[in-house]
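Enquirer: Mind having a look at this structure? Questions to follow.
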Amino acid sequence: MDIKSMFPEELETYLTEKGYPRFRADQVFSWLHNKRVPDYGQMTNLPAKLIAMLEEEQPLFPPVTADRQISRLDGTQKFLFALADGETVESVFMKYRFGNSICISSQAGCRMGCRFCASTLDGLKRNLAASEMLDQIYAIERTVQEKISHIVVMGTGEPLDNYDNLVRFLKLITHEKGMGLSRRSITVSTCGLVPAMKKLADEDLGITLALSLHAPTDGQRRKIMPIAQKYSISELMDACNYYFDRTGRRITFEYSLIKGVNDSAEDAEKLAALARSVGAHINLIPVNPVKEREYTQPEKDAVLSFKNKLEKHGINVSIRRVLGRDIDGACGQLRHRHLL
Ligand code: SAH
């Protein structure tokens with residue numbers, strides 16, 4: 001395993017087996033995850049021999065910024081990172097009133113095939129290691145020089161399709177000896193892999209789970225999300241209830257409004273009933289048009305009236321503020337453009 005994906009205990013085993021004292025593990029972990037330096041040369045309290053050994057056995061490959069776009073409208077920054085093997089991933093830095101947030105990718109590409117999403121157009125290349133998820137955050141933090149308070153795993157990839165590395169990442173990013181982010185300020189978004197949602201509930205991580213629902217009936221959902229062939233909405237609602245029971249954390253429904261597909265008054269009624277049944281909060285986001293797809297956003301009035309209908313049923317709804325309109329905003333668009 002690569003050194004930046006190791007827990008302190010694993011690092012300790014690795015270093016003591018090489019004959020180094022145990023306290024070196026804490027020092028290395030702290031340089032990697034607390035001070036977050038990108039190379040061994042900066043680890044000033046380590047002996048030269050250890051640094052040479054690490055450089056040889058565990059070379060660090062901080063991601064290279066292959067492209068960076070900065071929105072002139074709202075300061076959103078989109079990064080395209082090249083990984084050690086040349087694969088690329090996208091990450092986004094966003095400024096909100098409540099703090100700075102980073103959206104990271106969990107896989108290079110995606111195999112879920114959601115019809116409205118650019119991330120899946122080129123298929124799945126590979127899973128990301130825990131360190132490659134951490135590195136997106138560490139690299140952006142170094143570049144923008146601002147404090148990061150929130151993380152959303154909503155970039156390219158299906159996080160629960162890369163389950164073990166995701167959980168490892170979540171434990172590392174919240175580790176008290178590392179960056180120490182609050183569990184409550186982390187959201188993982190899934191298209192709804194039911195068994196993995198339940199497994200995640202049992203991990204006791206205290207993070208927020210967002211479910212990309214996007215349709216109120218199985219028939220409609222199957223037209224836009226292939227995963228809906230595998231898991232029904234009723235199974236999804238069971239998994240949401242299970243998550244709430246185990247963690248005490250309310251689920252968020254992500255709902256991309258697509259004109260003529262899922263935005264009718266009847267859709268709002270059905271969606272309200274689903275949200276009520278699991279106590280979910282709803283995030284509405286007008287679908288971000290992707291060039292390769294035919295979907296379009298409903299008019300502004302239609303979005304507001306959809307929101308009002310949900311609120312009439314006492315559902316907690318927010319319309320996701322659209323950020324970075326002037327840059328390759330939609331999920332996976334920047335990466336996709338570079339692959340062409
Ligand atoms: N695979 C995970 C996380 C990545 S996608 C998931 O499905 O949740 C992050 C969110 O962006 C999901 O809610 C996804 O459905 C949504 N999304 C993807 N493409 C979009 C688009 N073109 N417009 C609006 N939302 C989109």
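The values are calculated or read from the model by the stated rules, or taken from the named source; none is laboratory data. Remember, predicted model here, so these are calculated numbers, not experimental data. Because the Cβ atoms are built from the backbone with ideal geometry, glycine has one as well, and the counts that use them run over all protein chains shown. These area figures cover heavy atoms from the full protein model, side chains too; ligands, DNA and RNA do not enter into them. Shrake-Rupley method; radii C 1.70, N 1.55, O 1.52, S 1.80 Å.
Enquirer: Restricting the search to segment 109-166, which residues are out of contact with any strand residue (DSSP E or B) (no Cβ under 8 Å at 6 or more places or on another chain), under 23 Å from Arg36 (Cβ atoms) and in a loop (DSSP other than H, G, I, E, B)?
Expert: Ala129, Gln145
Enquirer: Is there a residue being open to solvent by less than 10 Å² (accessible area, probe 1.4 Å), in a helix (DSSP H, G or I) and away from the ligand (no atom under 16 Å from the Cβ) anywhere in segment 184-197?
Expert: The answer is no, given that none of the residues of segment 184-197 is open to solvent by less than 10 Å² (accessible area, probe 1.4 Å), in a helix (DSSP H, G or I) and away from the ligand (no atom under 16 Å from the Cβ).
Enquirer: Of a type in the set (Ser, Thr, Tyr) and either farther than 24 Å from Asn288 by Cβ or more than 11 Å from the ligand (Cβ to nearest atom) (or both): is that true of Ser119 in this structure? Let's see the steps before the verdict.
Expert: On the way: of a type in the set (Ser, Thr, Tyr): yes; either farther than 24 Å from Asn288 by Cβ or more than 11 Å from the ligand (Cβ to nearest atom) (or both): no.
Against the criterion (of a type in the set (Ser, Thr, Tyr) and either farther than 24 Å from Asn288 by Cβ or more than 11 Å from the ligand (Cβ to nearest atom) (or both)), Ser119 does not qualify.
Enquirer: Which pairs turn up if I take residues in segment 269-298 that are within 28 Å of Thr247 (Cβ to Cβ) and look for partners that are within 12 Å of the ligand (Cβ to nearest atom) and of a type in the set (Lys, Arg) with beta carbon separation below 6 Å, at least 6 apart in sequence or on another chain?
Expert: Hits for this filter: Asn283/Arg320; Ile285/Arg320.
Enquirer: For the structure I just gave you, tell me whether Gly314 is more than 13 Å from the ligand (Cβ to nearest atom), out of contact with any Gly (no Cβ under 9 Å at 6 or more places or on another chain), assigned by TED's automatic domain parsing to the domain that holds Gln107 and not polar (S, T, N, Q).
Expert: Values: more than 13 Å from the ligand (Cβ to nearest atom): yes; out of contact with any Gly (no Cβ under 9 Å at 6 or more places or on another chain): yes; assigned by TED's automatic domain parsing to the domain that holds Gln107: yes; not polar (S, T, N, Q): yes.
Here the answer is yes, as Gly314 does meet what is asked.
Enquirer: Which is within 8 Å of the ligand (Cβ to nearest atom), touching a Leu at 6+ places or on another chain (Cβ under 9 Å), hydrophobic (A, V, I, L, M, F, W, C) and open to solvent by less than 10 Å² (accessible area, probe 1.4 Å), of Leu211, Leu172? Can you show your working first?
Expert: Values: Leu172 fails: within 8 Å of the ligand (Cβ to nearest atom).
From the options Leu211, Leu172, the qualifying one is Leu211.
Enquirer: Taking the condition open to solvent by 20 Å² or more (accessible area, probe 1.4 Å), closer than 19 Å to Arg142 by Cβ and within 16 Å of the chain's Cα centre (by Cα), does Val64 pass?
Expert: Details: open to solvent by 20 Å² or more (accessible area, probe 1.4 Å): yes; closer than 19 Å to Arg142 by Cβ: yes; within 16 Å of the chain's Cα centre (by Cα): no.
No: the conditions fail for Val64.
Enquirer: Restricting attention to segment 251-274, which residues are in contact with a helix residue (DSSP H, G or I) (Cβ under 7 Å, 6 or more places away or on another chain) and either open to solvent by less than 10 Å² (accessible area, probe 1.4 Å) or at pLDDT below 95 (or both)?
Expert: Ile251, Phe253, Tyr255, Leu257, Asn262, Ala268, Leu271, Ala272 - these are the residues of segment 251-274 that are in contact with a helix residue (DSSP H, G or I) (Cβ under 7 Å, 6 or more places away or on another chain) and either open to solvent by less than 10 Å² (accessible area, probe 1.4 Å) or at pLDDT below 95 (or both).
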